[in-house]
Amino acid sequence: MVKEIVVSEIILCHKFVSPPGWISEEYKNSRQRHGIVYVLEGRAHYQMNGTHSFTTKAGEVLYLSPDTSYVTSCYDDSPFVHMTVNFQLTFPAALSALPLCLTPVNGQKICQIFMRLVNVWGKRSAHYRVLSMSLLYELIGALLRETDCEHDSYRKKLNPAVEYLEAHCCEPFPESALPQLCGMSETYFRRLFKRVYKESASSYRSRLRIGKACDMLLSGMYTVTEVAEVCGYEDPAYFSRAFKKIMGKSPSRYKTANN
């Protein structure tokens with residue numbers, strides 16, 4: 001199941017100049033927070049988890065999740081100038097789609113968003129936390145779009161199935177119809193769909209159905225049984241289990257809590 005990206009707290013946001021030859025072992029054991037780094041100048045060597053390593057350079061973006069550990073070493077020929085934002089997420093794995101290191105196509109735009117974020121956070125003027133949170137969401141969205149660009153050709157191949165899913169998610173249909181719409185074998189379709197959307201077509205469909213159920217419940221016009229029927233669940237008990245699996249609470253509790 002794809003987790004919603006909810007930033008619970010921004011901890012740190014700054015532009016930092018690491019001098020030539022500087023070594024940081026701050027995260028040698030483990031990170032406790034999410035981090036995004038944009039490299040402005042210079043180079044740095046990252047030794048990750050004691051196993052693999054890489055060198056990052058100007059124009060690249062790093063996403064460092066809380067489960068990573070590493071040592072950072074700056075090269076002797078120049079300072080390592082970078083912007084960093086550290087934050088916490090309600091669902092820690094929600095940004096798993098982001099690669100460790102990315103060279104963005106729209107690097108200038110991402111750099112500009114990051115600079116605005118650093119400036120707003122650094123000035124700490126009125127409402128700076130709200131403004132910073134908005135800019136962080138904008139930054140994350142821009143990075144996710146960069147990641148999506150890598151799958152554009154695959155998305156086009158899957159588009160007939162996705163469009164059908166979105167239009168008919170609450171109607172009964174054989175799952176074998178989806179790969180047929182795309183002219184693919186079932187095995188290749190399952191593998192490609194999971195690669196692009198980070199979940200199975202069945203999970204994608206379930207999210208669409210439960211999303212519709214949420215809207216119906218919040219309208220106050222339908223009972224739980226009626227919602228289950230409209231959303232394609234013949235058994236209200238099964239609907240309640242499916243709803244709770246995705247939303248974390250039963251349909252009746254969800255309806256009560258949000259009305």
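Just so it is clear, none of the values below were taken in a lab; they were calculated from the coordinates. These numbers were taken from a predicted model, which means no experiment stands behind them. We place every Cβ from the backbone using ideal geometry, glycine too, and count neighbours over all the protein chains shown.
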Report the charge-dipole magnitude of segment 1-108 in Debye, nearest 20, computed about the Cα centre from +1 at each Lys and Arg Cβ and -1 at each Asp and Glu Cβ.
120 debye
With charges set only on the Cβ (+1 for Lys and Arg, -1 for Asp and Glu), what does the dipole of segment 127-259 come to about its Cα centre, in debye to the nearest 20?
500 debye
The chain: calculated mean residue ellipticity at 222 nm from DSSP helix runs of at least 4, using -39500 (n - 2.57)
-14500 deg cm²/dmol
Going by average Cβ density within 10 Å per residue, which order do the peptides 242-249, 214-221 take, highest to lowest?
242-249, 214-221
Beyond a 31 Å Cα-Cα separation, which of these cross-linked pairs lie in this structure: Lys109/Lys245; Lys109/Lys157; Lys194/Lys245; Lys123/Lys255; Lys123/Lys198; Lys15/Lys249?
Lys109/Lys245; Lys123/Lys255; Lys123/Lys198; Lys15/Lys249
Cα coordinate range in segment 17-137, projected on the principal axes (Å, largest first):
40, 32, 27
Can you put Lys255, Lys194 in order of Cβ neighbours within 10 angstrom, beginning with the fewest?
Lys194, Lys255
Dipole magnitude of segment 189-259, debye to nearest 20 (Cβ charges: Lys/Arg +1, Asp/Glu -1, about Cα centre)
620 debye
Rg to Rh for segment 8-51: what is it, with Cα atoms only and Rh by Kirkwood?
0.95
Working from the pairwise distances between different alpha carbons, so that the mean of 1/r is found and then inverted, what is the chain's Kirkwood radius in Å?
21.1 Å
Computed over segment 150-199, Cα set: Rg, Dmax in Å:
10.4, 32
